[in-house]
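The values are calculated or read from the model by the stated rules, or taken from the named source; none is laboratory data. These figures come from a predicted structure and were not determined experimentally. Here Cβ is always computed from backbone atoms with ideal geometry, including for glycine, and neighbour counts include all displayed protein chains.
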Amino acid sequence: MLKTGDKFKITFKKKIEISDSEEYWIANNLSGDKFLIDAIAYKNYNFSISSQVNATVDHINCSGKIFLEPQHPIYQNGQKYQFKIIEVLHKNIETAEMVVADVFNNAILVVVNTKNINKNTSEVLLTVARVRKAIPVLFDSTLKIVNLYREHKIYRFHVDGSFSNDNIDFFVLSGKAGSTHLLEKAHYQHYAISEGQIIKCQVVRIAQNGKLSLEPLHPSLREGDVLELNFVGLSQPGNSPAGKHKLYLFNNDDNRNFFMSARFLDDKPLPEKMLCKIDKFKKGSILVEPAI
């Protein structure tokens with residue numbers, strides 16, 4: 001029985017393409033267990049048929065599905081590396097909050113000790129805590145991280161401005177003790193977020209380096225709300241908030257979209273209308289489940 005943290009070698013057998021935005025590698029371990037690896041997330045790893053890499057069980061969800069993290073081609077957990085500084089967002093006498101780029105030009109928000117940088121610094125030495133979905137989780141080992149937040153709690157943030165990297169636009173938010181946080185704009189265009197606003201966000205997750213995953217409160221809806229929705233059909237992968245997961249699409253009379261996991265409807269008659277309860281919000285999308 002596999003468990004989180006288990007390490008083993010996998011061999012890539014073939015690649016399957018479901019759509020323009022969804023591709024997977026099928027890989028086996030020595031025990032013959034089969035795994036799906038997101039080919040798009042790991043496109044820079046240059047996997048090929050019959051190639052072998054070490055992988056770690058990152059987590060196992062409530063339905064028993066196993067998610068692997070293949071070994072990064074460059075970074076190792078616990079090791080220090082130089083990272084290119086893209087932009088310094090906030091700086092005081094003790095800490096500097098900045099965006100750095102990894103070897104594949106992924107933008108990563110990190111807090112560093114101000115003593116480790118100066119106006120001529122173009123790189124900063126950081127420790128890789130772990131890698132998740134091909135993105136390294138970074139921290140400055142000379143800086144003590146103080147956790148000002150708790151997961152699943154709601155806090156107020158000020159929208160300071162905007163930031164762009166690699167054609168991705170972000171809102172720059174400030175929170176407790178002047179902390180800085182990034183929010184990808186594309187997910188929240190319908191929220192009418194603008195510079196200078198105070199917005200409320202739920203802390204979905206706190207990473208090992210203290211980085212927050214935030215979900216702004218929806219302008220009008222909340223978790224637990226019950227609505228009668230119209231069944232539309234199977235959600236297209238490019239429009240799905242869950243990417244690789246099979247979801248069904250619903251809408252209301254205002255043509256607002258809602259998504260439901262296929263496990264609630266597969267092998268059952270598909271409804272025309274359904275009473276649904278809002279389960280959670282994910283990157284601006286609304287996930288529902290049957291209310292009864």
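Could you tell me whether segment 158-168 includes any residue that is among the aromatic types (F, W, Y), farther than 19 Å from Q79 by Cβ and either assigned to a helix (DSSP H, G or I) or without any contact (Cβ under 8 Å) to a residue 12 or more places away in the chain (or both)? Within segment 158-168, not a single residue is among the aromatic types (F, W, Y), farther than 19 Å from Q79 by Cβ and either assigned to a helix (DSSP H, G or I) or without any contact (Cβ under 8 Å) to a residue 12 or more places away in the chain (or both). Mind listing just one residue for me: the one in segment 126-145 that is free of Cβ contacts under 8 Å to residues at least 60 places away in the same chain and within 24 Å of the chain's Cα centre (by Cα) and, of those, surrounded by the fewest Cβ atoms within 10 Å (Cβ to Cβ)? Of everything passing the filter in segment 126-145, I135 is surrounded by the fewest Cβ atoms within 10 Å (Cβ to Cβ). All conditions but one from (1) closer than 22 Å to T142 by Cα; (2) β-branched (V, I, T); (3) in contact with a Phe, Trp or Tyr (Cβ under 7 Å, 6 or more places away or on another chain) apply to I49; the one that does not is (1).
Any idea which residue in segment 196-222 is modelled with the lowest pLDDT, counting only those that are small (G, A, S) and in a loop (DSSP other than H, G, I, E, B)? Here the residue is G210.
Return yes or no: is Y155 more than 25 Å from Q202 (Cα to Cα) and modelled with pLDDT of 90 or more? No.
Quick check on segment 169-194: of everything there that is in a loop (DSSP other than H, G, I, E, B) and of a type in the set (A, V, I, L, M, F, W, C), which residue is surrounded by the fewest Cβ atoms within 10 Å (Cβ to Cβ)? Within segment 169-194, the match that is surrounded by the fewest Cβ atoms within 10 Å (Cβ to Cβ) is A192. Within the set D253, D267, D169, the sole residue that is touching a strand residue (DSSP E or B) at 6+ places or on another chain (Cβ under 9 Å), outside the structural domain of D140 (by TED's automatic domain parsing) and acidic (D, E) turns out to be D253. Selection over segment 200-232 of residues that are over 26 Å from I135 (Cα atoms) and touching a helix residue (DSSP H, G or I) at 6+ places or on another chain (Cβ under 8 Å) gives a count of 2. Is it the case that segment 273-283 has a residue that's exposed (fewer than 15 other Cβ atoms within 10 Å of the Cβ), in a loop (DSSP other than H, G, I, E, B) and either at pLDDT below 90 or in contact with a strand residue (DSSP E or B) (Cβ under 7 Å, 6 or more places away or on another chain) (or both)? No, segment 273-283 contains no residue that is exposed (fewer than 15 other Cβ atoms within 10 Å of the Cβ), in a loop (DSSP other than H, G, I, E, B) and either at pLDDT below 90 or in contact with a strand residue (DSSP E or B) (Cβ under 7 Å, 6 or more places away or on another chain) (or both). Residue check: A101 meets all listed conditions (1) over 30 Å from I40 (Cβ atoms); (2) small (G, A, S); (3) modelled with pLDDT of 90 or more but one, namely (1).
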